[in-house]
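Each remark here refers to the structure printed beneath this line.
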Amino acid sequence: MRIPYFQTLTIVFLTVLFNTSYSQEIRGTVISSKNIPIEGVLVYIDEKPLATTDTKGVFTIKDSLSLPVDLRFEHPYYLDATFQFSKKDSVFTLFLKEKLENLEEVILSSTYQKESKVLIPTKKITSAKLEEYSPVDLVSAINETPGVYIQSGAINTNRIIIRGVGSRTLYGTNKIRAYFNGIPITNGIGETSIDAFDSEDIQSLEIVKGPKATQYGTNLGGTLLLNSKQTNFGESFFKTNLTIGSFGLLKNTIAVGSAIEKLSLNLNYDYLNIDGFRENSNYNRKSLLLTSTYKFNLNNELGLMVNFLDYFAQIPSSIGKTAFEEDPKQAALTWKAAKGYEDNKQTLVGLSFTHRFSENFSNTSSLFYTYLDHFEPRPFNILDEFTNGYGARTVFAKDFSFLKNKANLSFGAELYKDEYNWKTVENLYEENNGNGSLEGEQLSDNFEKRDNLNVFATVTIPFTQKLKGQFGLNYNQTDYDFIDHFNEGANNKSAKRNFEPILAPNLNLLYQFTENISSYLNFSKGFNYPSIEETLTPEGTINPNLGPEKGFNYEWGSEAFFFRRNLHLQLTAYLLDITDLLVAQRVDDDQYIGRNAGKTQHKGIEISASYTQTFIDLWYVSPYLNVEITNHKFIDFVDGDNNFSGNQLTGVPDKKLNGGFNLGLKGFMLNANFLHIGEMPLNDSNMLYSQSYNVFNAKISYKKELSQLLSFRLNAGINNFMDEKYASSVLINATGFGGSEPRYYYPGMPRNWYGGFQLKYQL
């Protein structure tokens, strides 16, 4: 089956090994025009799928076959091909014709759940890119993306900033939407935790920068789409990975998978422990991921996904400038004395069903449930909370003819509801004789109901062979209900807040000058709602005047390929105007109130360049460089008696530069990379800046097939091998209480090493 795509790729080389006219096994390799192996090519004999190419582009048919035989090859992004194999020939080369006209195609509705389907280019991070880094370092791989910057205070403390949006989030990530296998993983107030998923389980991660993905809520920051690894058809395997390293790093992953006939099953278990280089920074995690699909027939498919996470993480918190410069290993004094930590148990369950009504009309609908149990002793109080979230999502996809060209319409809706229960009690750690946190009197008991409805539609129209347009529309309705179970009478803080519906349009235009050069334009509207805590005043009442922040994104970009598509260039310029900016004003230790403070303007240029050169025997070298130059400013921002208008946006670097190279040599692979982060203002007044820094990493690996069934891989790496002292995350606008120094800095990891091995057995 074939699905729409916007550029032609070519399968250029196919090799089949055999010995006799009655063979026990047929093996072959499929690679692209860039001599890169193609994963996921289905191999058919007499309309029966018998094999799928692996990550090396290799397929194996183990059935006894009489040669010659006709094999047919299918892949969503490549033209179908049929080739006759005979015993007289041992090597075959297949060149597919360029696809210059629109052909009758079959849409796969499930892809509309797992891919953005944005007409203009997005950033896709593959499992191959993730393997260039440590198996506990998802952050570094994402930070290669221009326009995206993750500040990481710890494995469980990440702030994702996309084009300056999200920089004012204090301790985590919001203002983006994220999905795993098409199931939402962002909660009812827009918070997202990507650390809930093991990087070794991820097949791809698509990043949509800005409010361009209409079907995902058009959050100002953008959208993250994570998809798990799936077993190739006809494959059954057992795999284990073991990694050890500095600061007590121990990670072990066990994976089993099988895909036969109608059933596909993947089960992954991960264990991770690291002591950390700072005081009070131990991290221990256990996770289990189950994914499965069952194909009733060609038109109906059922999918199941279950992800369970259990982790314990000590919290060293941020430290002041003096402590950062003298001894970055130390924890914040109060957090060390309280022995602060967080204990998380999280479950995500998703059930999806895909039905194909016809060759060009299909639907995928999903039901999902999330549960989070969180316990966190903090110096100022002890937080005990749990959240139940549930909802449904449906997407219809329809191909139709427009001016004799194939167009597409997708539409659907997503309903997300969660119920958030949280209590706080006194922390009497100072009275506990150095034994850490001790529960005292109860301080609060609250219940929140948060409802979010998204209705969306997108139409993609090829006006000509070269000009395509995409128009999308998103309707959002969000409601909060806050119930105070602790205070009574006049002190009771219970309240409701129903926000006015928001209608957000999106327009994309793509012009294909040649097969290798294209240019695009985007106009889109986005929004971010405040959390219910931000809507509460210090007196505990709902602020009816606090509303969502809104923004308009204007973007131009171009993409080009040269030298037989070995050289890939991308250039993007954007302007994002945000009004009614949501800011958190600190009024006490860990107490903030939300305000719509004014306007910001986000401007930037993003450049990406990569080159791949392949030599004989698949030796290759691939250098790359990504550059981001920004100018994010407060246009109108008055905070009390302070006028910050014209200042640089807090917590965002003025530039980001990264690059590296990959070298492959007969089973060996060398990856080396660097990251440069420019200075960034730490407070709204721009009176204090963090220092710029550079981090260099390197990794070497070796892979060997011991037999047709057994293979192994060895790897070793060094992170920050120049031993740079830097802040991997900052707490903006930090305030010192009781004469203490403001705690702006989360120290980054010093030089550290890791090594490991993988064994994989084909069953």
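Suppose R0 equals 45 Å. What FRET efficiency, 1/(1 + (r/R0)^6) with r the Cβ-Cβ distance, do ASP481 and SER519 give to the nearest 0.05? The value I calculate is 0.45.
Using alpha carbons only, the radius of gyration of the chain set against its Kirkwood radius gives Rg/Rh = 0.96.
For ASN733, nonlocal amide neighbours, meaning residues 5 or more places apart or on other chains whose placed amide H falls under 5 Å from its own, are ASN683, ASP684. In percent, rounded to a whole number, the relative contact order of the range 228-762 is 9, using alpha-carbon pairs under 8 Å and six or more apart.
Counting every alpha-carbon pair across the range 693-762, the share separated by more than 21 Å comes to 54%.
The range 321-335 and the range 218-287 have their alpha-carbon centroids 32 Å apart. Residue pairs exceeding 21 angstrom between C-alpha atoms, taken from LYS175/LYS417; LYS633/LYS725; LYS175/LYS286; LYS329/LYS655: LYS633/LYS725; LYS175/LYS286; LYS329/LYS655. Applied to the range 259-265, the Karplus parametrisation 6.51 cos²θ - 1.76 cosθ + 1.60 on θ = phi - 60° returns per-residue 3J(HN,Hα) values of 9, 10, 6, 9, 10, 10, 9 Hz, with x for Gly and Pro.
Report the percentage of all Cα-Cα pairs in the range 617-759 whose separation exceeds 26 Å, rounded to a whole percent. Of the Cα pairs, 47 percent sit more than 26 Å apart. The equivalent ellipsoid that matches the C-alpha gyration tensor of the range 356-444 spans semi-axes of 54, 12, 9 angstrom, in descending order. What the phi angles of the range 700-715 give under the Karplus curve with 6.51, -1.76 and 1.60, with θ = phi - 60°, is a coupling list of 10, 9, 9, 10, 9, 8, 6, 7, 5, 10, 10, 9, 9, 9, 10, 8 Hz, glycine and proline written as x. Note on the range 667-731: Cα-only Rg and Dmax are 19.2, 64 Å. If the chain linking SER692 and ASP343 were pulled fully straight, counting 0.36 nm for each residue of separation and taking away their Cα-Cα distance, it would gain 122.3 nm. Label-to-label distance, GLU488 versus ASP639, with points set 7 angstrom from Cα along the beta-carbon direction: 4.0 nm.
Each part reduced to its alpha carbon centroid, the range 111-181 and the range 394-454 end up 18 Å apart.
For the pair the range 651-722 and the range 733-763, the centres of their Cα atoms are 15 angstrom apart. Here r is the Cβ-Cβ distance between LYS725 and PHE247 and R0 is 25 Å; the resulting FRET efficiency, rounded to 0.05, is 0.95.
Listed values for the range 505-516 are Karplus-derived 3J(HN,Hα) couplings in whole Hz (6.51 cos²θ - 1.76 cosθ + 1.60, θ = phi - 60°), namely x, 8, 10, 10, 10, 10, 10, 9, 4, 9, 4, 10, and x replaces Gly and Pro. Straight-line reach from LYS212: taking Cα to Cα under 14 Å and skipping same-chain neighbours fewer than 8 places apart, the aspartates and glutamates in range are GLU115, GLU555.
Under a model in which nothing but the beta-carbon of Lys, Arg (+1) and Asp, Glu (-1) is charged, the chain shows a dipole of about 2880 debye around its Cα centre.
The amide H of ILE635, built 1.01 Å from its N in the peptide plane, has LYS599, THR600, GLN601, GLY646 as neighbours under 5 Å, considering only residues 5 or more places off or on other chains.
As a rough guide to protection, the peptides 603-613, 663-673, 706-716, 452-462 ranked by mean Cβ packing within 10 Å, highest first, stand as 452-462, 603-613, 663-673, 706-716. Partner aspartates and glutamates whose Cα lies under 15 Å from the Cα of LYS699, excluding those fewer than 8 positions away in the same chain, are identified as GLU131, GLU132, ASP137. Calculated mean residue ellipticity, 222 nm, the chain: -500 deg cm²/dmol, from DSSP H runs (n ≥ 4) at -39500 (n - 2.57) each, averaged per residue and rounded to 500.
No lab work stands behind these numbers, since they all come straight from the coordinates. Worth saying up front: this structure is predicted, and the values here are computed from it rather than measured. Positions of Cβ are generated from backbone atoms using ideal geometry, with glycine treated the same way; all protein chains shown enter the neighbour counts.
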